[in-house]
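The numbers here are math on the coordinates, done by the rules we state, and not lab data. Predicted model, so just to flag it, every value in this text is computed and none were measured. Glycine gets a Cβ as well: all are built from the backbone with ideal geometry, and neighbour counts include every protein chain shown.
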Ligand SMILES: Cc1cc2nc3c(=O)[nH]c(=O)nc-3n(C[C@H](O)[C@H](O)[C@H](O)COP(=O)(O)O)c2cc1C
């Protein structure tokens, strides 16, 4: 399957990195964009470098490249995931403001009826953020907040992160063993 992963400039870049690694491991073709804000946050929050992350993707784009393939609905994709998704990019997607490759490609997914998963992260939430989540949901996006659970009794941060990555896989219909399910 072919997925477009956008790592955005919210806290929690590790969610995007782990998703990319797991999609790659499962044999999927991943097209990747990392926003300028995310590049800085990756350096601040993780031990990964941009160059190391890029190696797990089949194709890498710049977020200001509106001539890139995913900027057109005619480019076939099985789904797109913005992970983590900032409130700014949520706002752009919710309002159809395609000024970056991420927001334009997300609009294309919505207009073509393709899966679009937004792993939003902010707390507490303000009114525009809540309204934008509703608007994006009403347009067909899946709002999947970076909000890990504890019922699988995580032993470390990796298991908390993988819970969210597993929930994204669930939405994409991909089997996984990233967390222990409730029985
Ligand atoms: C260290 C750091 C953490 C941030 N965390 C968040 C966050 O969790 N959620 C959010 O909406 N914005 C966060 N921001 C602000 C975004 O990076 C900023 O709004 C940026 O313009 C988002 O752009 P992008 O979505 O194109 O990456 C953070 C900024 C910094 C510097």
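Available extension along the chain between residue 65 and residue 126 is 18.9 nm, counting 0.36 nm per residue and deducting the alpha carbon span. Percent of Cα pairs in the chain per distance bin of 5 Å, from zero to the largest separation: 1, 9, 19, 22, 22, 16, 8, 2, 0, 0. Among 157, 130, 34, the largest mean-square fluctuation in a Gaussian network model of the chain (Cα springs under 10 Å) belongs to 157. Taking only Cα atoms and a 10 Å spring cutoff, compute GNM fluctuations for the chain and point out the largest among 124, 148, 76. Largest GNM mean-square fluctuation: 124. Footprinting exposure proxy ranking of 133, 147, 87, 80, fewest other C-beta atoms within 10 angstrom first, gives 147, 87, 133, 80. Across the chain, the relative contact order, built from alpha-carbon pairs under 8 Å that are at least six residues apart, equals 21 percent.
Per-residue packing, averaged as other Cβ atoms within 10 Å, sorts the ranges 140-146, 163-169 into the order 163-169, 140-146, beginning with the highest.
So what's the gap between the Cα centers of region 42-90 and region 128-183, to the nearest angstrom? With region 42-90 and region 128-183 each reduced to a Cα centre, they are spaced 19 Å.
If we sort 17-26, 52-61 on the protection proxy, mean other Cβ atoms within 10 Å, highest first, what's the order?
Order by mean packing, descending: 17-26, 52-61.
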